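Structure first, commentary second.
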Amino acid sequence: MKKLAILHGPNLDRLGKREPDVYGHATLKDLEKLIRAEAKRLGYTTVFFQSAHEGALIDKIHALTDTGIAGFIVNFGAYSHTSIALRDALSASAKPAIEVHISDIKKREKFRHVSMTAGACRAMVCGKGFPGYIEALGIIGKYL
């Protein structure tokens, strides 16, 4: 089975509590359960990692790349809009990545409209809530 990494950035550990009108009431654990079940159905194993620290996310990308991860599904949260370092880490991994945003970044504040990390990804899914991760699992299969 191919192994996929699902990486989450700052504040995603607050799902269910943070801005429920934007992100809903389900938690990160609920999301992981949903992803794990669909990934298994598609023949993948998954590893999950969440951090509010940019360097920890970069270190995890490097470590997973070195251990043979097949690809990444990422939601770097606010770092998507600011982090060239995360973009470089994904690019350097040479592994396919799909970026996911629970909310539609184009319909939010102007500073959220551009994702710096998207350029290192094969596709972006945004504004579809948790089902966006299921869509990302389908998309990444085309690149593995």
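The values are calculated or read from the model by the stated rules, or taken from the named source; none is laboratory data. Keep in mind it's a predicted model, so treat the numbers as computed, not measured. A quick note on method: Cβ atoms are made from the backbone with ideal geometry, for glycine too, and the neighbour counts reach across all protein chains shown.
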Exercise. Find all pairs meeting these conditions: Cβ atoms under 6 angstrom apart; at least six residues apart or on different chains; first residue within segment 13-33 and over 13 Å from N75 (Cβ atoms); second residue exposed (fewer than 14 other Cβ atoms within 10 Å of the Cβ).
Key: G16/H25
Quiz item: Residues in segment 77-114 that are of a type in the set (F, W, Y) and surrounded by fewer than 14 Cβ atoms within 10 Å (Cβ to Cβ): how many?
Solution: 1
Self-check item: Filter result (in contact with a Phe, Trp or Tyr (Cβ under 8 Å, 6 or more places away or on another chain) and in a loop (DSSP other than H, G, I, E, B)) within segment 84-115
Solution: K95, P96, I102, S103
Quiz prompt | Filter pass, G119 being assigned to a helix (DSSP H, G or I), closer than 21 Å to R14 by Cα and free of Cβ contacts under 8 Å to residues at least 60 places away in the same chain | solution = no
Self-check item: Cβ pairs under 7 Å, 6+ apart, first in segment 57-71 and closer than 12 Å to L7 by Cα, second among the basic types (K, R)
Solution: G71/K95
Quiz item: Name the helices (runs of 4 or more DSSP H) wholly within segment 1-83 that hold at least 3 residues that are modelled with pLDDT under 95?
Solution: 20-23
Self-check item: Subset of segment 15-41 (residues that are among the charged types (D, E, K, R) and surrounded by fewer than 15 Cβ atoms within 10 Å (Cβ to Cβ))
Solution: K17, R18, E19, D21, K29, D30, K33, K40, R41
